[in-house]
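Rule-based calculations on the coordinates, nothing more; no lab input. Predicted, not measured: the structure shown is a model, and the values here were computed from it. Using ideal geometry, Cβ is built from the backbone for each residue, glycine included, and neighbour counts are taken over all protein chains shown.
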Amino acid sequence: MKAQKKSENSILNFLSSVKLAITIFIVLAVTSIIGTLIPQGESLQFYLERYGPNLFNIIKLLHLNDTYHSWWYLSLLGLFSLNLLVCISRRLPYTIELLKRDSLKVEPNKLERMPLKAKWTINSLIDKEREGSIVNALERMAGRVKRKRSISMEGENASSTLYLIEKGKLSYLGLYVLHFSLLIIFIGAIIGNYFGFGGSIMIGEGETADFIYRTGDNHRIPLGFSVRCDDFDIQFYDTGAPKLFKSHVTIIENDKEVMSHEILVNSPLTYKGVRFYQASYQPIPIITLKVTGSNGWEKEFSMPTFKKVPVDKEGFEMGIMRYLPKVHGVPAVRLWIGAADDDIEPQAIWILKGRDSEFTLKDREYRVSLENIENKYLTGLQVKKDPGVPLVYLGCLGLIVGIMVVFWMPHKKIWLLIERKNGVTDVLLAGQTNKNKGGFKKGFEEVRGAIEGVIERRKVS
């Protein structure tokens, strides 16, 4: 039984040890640096090409391509959280007992043994008015006396009163505020990892999207609502570098326009906890072609690059494979022509503005000309949802408060004991603090000087 209890105590001592907490904290800091240096969420091929086969195997084995979601990183957070919980459970009962302790229930002989003390003897029994002057001097220098206690003494005309000024008693809870704040941050991070998402989407002007592509694996994630890009505006410097770009978007839910918003860099849109950040753009020329058939058929088509457009009644499709702003001084496009049925082999031709091209399909000749080019844009939006952010913010606020309490809020106690007995009055001043003892000693000496001044003036009078 004793061996089992000893074993349990050893485990608890290990889990609550400061060495374990410091070790885990250092490991987390180092791995966080690694997770910052190694790009996160890229494809495995990216790491193989960038780091080579040897480092690639380590990255794949330890999931360094997704460090903050890896099993070992979450295990470290869990062990750190367990360390905090064990520390709290072992220290909290003592702290509660300390908070319950009545500082007025202290024996006079204990005050005599305190390092910071001062004592005066007045060869008379002072009255209430003179006692009040001494207490007032104490309050002017140290703060308001909130509690006092009468101590019973033997003998006639014998009385004793103990005054107490106590500040910062709740500072003992500062350490627990720190611990719980760290736990709240960990919980917020875990919630964000498991219930949040991050990704991106490219939306053309006038187009609508109701999903995003998740970072890393390009998996589609439905939003639950739609985002429409109404307009994209971009301004350039004289050098040609982009000066400003912004998207005008509309949120649509249940076939109703819910809200419109302008998204700029560092000015995101937030809707239902989902944030849209302006991240990039891509120019998409809209090409207008005129196609004329040998049978007298003629039609104009406006199409973006990289998209197929069916040609009604003619039984084939067209698509812009490439666009060049200048070829021999004029714009040019490479046109793909194919058919829905696989028995017709696709073909590609170049078309220059002002110079018609021809192609033959299904024994029919066609002439195609480049009529117009209109530059439109795709807006690139980074999308993120992190429901754990409020908890992380709350935990960070708790950390700040906890650090301030732990390092800058001492528990200070000053006692003033006035004893009347055998025709004399003894005045005892004593003080105690748990931190910043140098500053407290300086303040104690100021209180001592103020009380001594009152006592000396009364002696003269």
A correct Karplus calculation of ³J(HN,Hα) over the range 287-297, with 6.51 cos²θ - 1.76 cosθ + 1.60, θ = phi - 60°, whole Hz and x for Gly and Pro, returns 9, 9, 10, 10, 10, 10, x, 5, 8, x, 6
Specify which residue in the list PHE186, ILE151, VAL106 is farthest towards the positive end of the charge dipole of the range 73-191, using unit charges on the beta carbon of Lys, Arg (+1) and Asp, Glu (-1), about the Cα centre. PHE186
Can you tell me the dipole magnitude for the chain around its Cα centre, using point charges on the Cβ only (Lys, Arg +1; Asp, Glu -1), in Debye to the nearest 20? 4000
From phi via Karplus (6.51, -1.76, 1.60), per-residue ³J(HN,Hα) for the range 54-70 in Hz, x at Gly/Pro: 5, 5, 4, 5, 5, 4, 5, 5, 9, 6, 6, 6, 8, 4, 6, 10, 5
Of HIS219, HIS328, how do they rank once you tally other Cβ atoms within 10 Å and put the fewest first? HIS328, HIS219
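Within 10 Å, at most 10 other Cβ atoms, and a DSSP state outside H, G, I, E, B define an exposed site. Report the longest part of the chain free of exposed GluC sites (Glu not before Pro).
Value returned for the longest uninterrupted segment is 157-461.
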Restricting attention to the range 296-329, which trypsin sites (Lys or Arg not before Pro) occupy a DSSP loop and are surrounded by at most 13 other Cβ atoms within 10 Å? LYS307, LYS313
Less than 12 Å apart at the alpha-carbon level, and either on another chain or at least 8 residues along: which aspartates and glutamates does that give for LYS290? GLU298, GLU300, ASP356, GLU358, GLU371
So, in Å, what gap is there between the alpha-carbon centers of the range 419-442 and the range 175-240? 61
If each residue's Cβ is checked for other Cβ atoms within 10 Å, how do LYS119, LYS437 rank with the fewest at the top? LYS119, LYS437
Label PHE225 and SER260 with points 7 Å out from Cα along Cα→Cβ: what is the distance between them in nm? 1.6
Amide H neighbours of VAL258 under 5 Å, at least 5 residues apart or on other chains, H built in the peptide plane: list them. ILE251, ILE252, GLU253
Using Cα pairs closer than 8 Å and at least 6 residues apart in sequence, work out the relative contact order for the chain, in percent. 21
